[in-house]
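J.: Pasting in a structure now, in structure tokens, and then I'll have a few things to ask.
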Amino acid sequence: MDIVTKVTGGSGVRRTRLLLWAKYSAASVVATVISQVAFALCYWFGTAPIVATLVAWVCGTVPSYLMNRHWTWGHSGRPGRDLLPYAIIVVTSAVLAGVVTTVTDHLVQDRVASHFWQTVLVSGSYLGTYGVLFILKFVLFDRYVFAKPAAPAADPVATQTPAAT
């Protein structure tokens, strides 16, 4: 018996949800590493925190969208109705990260002399922002962005009215 079956009790629905969560987590780790490296490098070389956030966001958002859309939620073809809500969620996340990193930068400038530790702390605030948003974004992506459209309900009048002969 594999570990997933043990954890989920063999339930197909739970197993599917666990696999979805694992794929989302893996895609998030890849995107986080890419964006975190981009942020740290930009900030290390003197880029303003808001600009470093923007660069990091662009670097992480594209692979995140592609991995989540195609691999995690199994959508194929051209982007459709999922692109606008995805953009709204990730832009909002980026704005929050920009505010947090800018505030953190202002706090550490006068308190921490080492540029290395300033970079670690401001980069940590960037990572922390996305860590806090991790679960919220999963729920929004799952319920709204990448949700399968509901099958049209049968017309209740047509199913209740006997056919005329």
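J.: Pulled fully out, how much extra length does the chain show between Leu84 and Val103, if you take 0.36 nm times their separation in residues and subtract their Cα-Cα distance?
T.: 4.0 nm
J.: With an 8 Å Cα cut-off and a minimum separation of 6 or more residues, compute the relative contact order for region 24-112 in percent.
T.: For region 24-112, the relative contact order is 33 percent.
J.: Of the heavy-atom accessible surface of region 59-155 (probe 1.4 angstrom), what whole percent is carbon and sulfur?
T.: 73 percent
J.: Express the accessible area of region 77-124 per residue in Å², computed with a 1.4 Å probe while the remaining protein chains stay in the model.
T.: Result: 61 Å² per residue.
J.: Run the quick spin-label model on Val95 and Ala48: label points 7 Å from Cα toward the beta carbon, then report their separation in nm to one decimal.
T.: Distance between the two pseudo-spin positions: 1.8 nm.
J.: May I ask you to derive the relative contact order of region 95-134, considering only C-alpha pairs under 8 Å and at least 6 residues apart, and to give it as an integer percent?
T.: Answer for region 95-134 is 54 percent.
The values are calculated or read from the model by the stated rules, or taken from the named source; none is laboratory data. These numbers come from a predicted model, not from an experiment. Cβ: placed from backbone, ideal geometry, glycine included. Neighbour counts: every protein chain shown. Side chains are part of the model used for accessible areas, which takes the heavy atoms of the whole protein and leaves out ligands, DNA and RNA. Shrake-Rupley method; radii C 1.70, N 1.55, O 1.52, S 1.80 Å.
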